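*Asks:* Have a look at this one before I ask anything.
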Amino acid sequence: KNPSRHTPPTPPAIMHYRSKSMESSQRLHALTWDIAVRRANCFSQALGIAVTSYLTSLSDGGPGWSRGFAGVWARHGYLLVFEGLLSAVGKELGMIEDAAIAISMLRMVSVVLMPDDGANSSNTTKENIPVPLSPYVRWVNLTPQQIPSKANGASSAKTQYCLEIGLD
């Protein structure tokens with residue numbers, strides 16, 4: 001039987017197609033939610049690795065700091081390399097894809113180091129998250145910002161994140 005391109009006139013047929021449409025819509029929403037959660041988990045792990053690496057490079061006075069790379073990092077960004085011993089077989093392919101997406105999402109983050117002035121920030125309307133056991137970091141604050149952009153002649157908004165880190 002060939003599917004027709006019009007709405008069937010009988011109520012049972014309409015109910016059947018409505019039911020199928022609702023099921024498909026619910027599956028799409030569940031899949032969209034699962035993907036969003038997965039991306040958020042991978043992004044938070046990649047951001048944690050990146051910030052830890054960056055703060056370690058600043059705090060230990062290592063070769064990058066003594067050679068004057070701080071100015072280069074401020075102008076061009078901090079070079080971050082991820083290594084892994086995964087193959088492109090089975091579930092490991094999904095892990096590689098997750099890592100690739102999370103690493104590409106790091107481009108949306110700028111890190112701002114701020115002195116802890118007791119008020120936790122120059123803008124006291126933000127809620128900073130305290131870091132109690134760190135000898136240097138006092139608080140962190142991740143805020144999204146909508147940046148207007150024009151892609152292919154259409155105006156849209158792109159999300160950029162600012163990670164402020166309050167240092168002692």
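*Asks:* Go through segment 84-107 and report how many residues are exposed (fewer than 10 other Cβ atoms within 10 Å of the Cβ) and within 28 Å of Cys162 (Cβ to Cβ).
*Replies:* 1
*Asks:* Which pairs do you get when a residue that is in contact (Cβ under 8 Å) with a residue 24 or more places away in the chain, found in segment 40-55, comes within reach of a residue that is in a helix (DSSP H, G or I), reach meaning Cβ atoms under 6 angstrom, with the pair 6+ apart or on two chains?
*Replies:* Here the result reads Cys42/Asp98; Cys42/Ala102; Phe43/Ala102; Phe43/Met105; Ala46/Ala102; Ala46/Ile103; Ala46/Leu106; Ala50/Leu106, each pair linking segment 40-55 to a residue that is in a helix (DSSP H, G or I).
*Asks:* Would you mention how many residues in segment 76-96 are over 24 Å from Pro144 (Cβ atoms) and part of a helix (DSSP H, G or I)?
*Replies:* So the answer is 6.
*Asks:* Out of segment 115-158, which residues are assigned to a strand (DSSP E or B), among the polar types (S, T, N, Q), modelled with pLDDT under 90 and surrounded by 10 or more Cβ atoms within 10 Å (Cβ to Cβ)?
*Replies:* If the condition is that a residue be assigned to a strand (DSSP E or B), among the polar types (S, T, N, Q), modelled with pLDDT under 90 and surrounded by 10 or more Cβ atoms within 10 Å (Cβ to Cβ), then Gln145, Gln146, Ser149, Ser156 are the ones that fit.
*Asks:* Right, something else. Is segment 41-63 home to any residue that is open to solvent by 60 Å² or more (accessible area, probe 1.4 Å), among the small types (Gly, Ala, Ser), out of contact with any Gly (no Cβ under 8 Å at 6 or more places or on another chain) and at pLDDT below 90?
*Replies:* yes
*Asks:* Does any residue in segment 135-150 that is closer than 11 Å to Cys162 by Cα come within less than 8 Å, Cβ to Cβ, of a residue that is among the aliphatic types (A, V, I, L, M) and not in a strand (DSSP E or B) six or more places away or on a different chain, and which pairs are these?
*Replies:* The qualifying pairs are Val140/Val131.
The values are calculated or read from the model by the stated rules, or taken from the named source; none is laboratory data. A quick note: this is a predicted structure, and the numbers were derived from the prediction, not measured. Cβ atoms come from the backbone with ideal geometry, glycine included; neighbour counts cover every protein chain shown. Note: accessible area is taken over every heavy atom of the protein model, side chains too, but ligands, DNA and RNA are not part of it. Shrake-Rupley method; radii C 1.70, N 1.55, O 1.52, S 1.80 Å.
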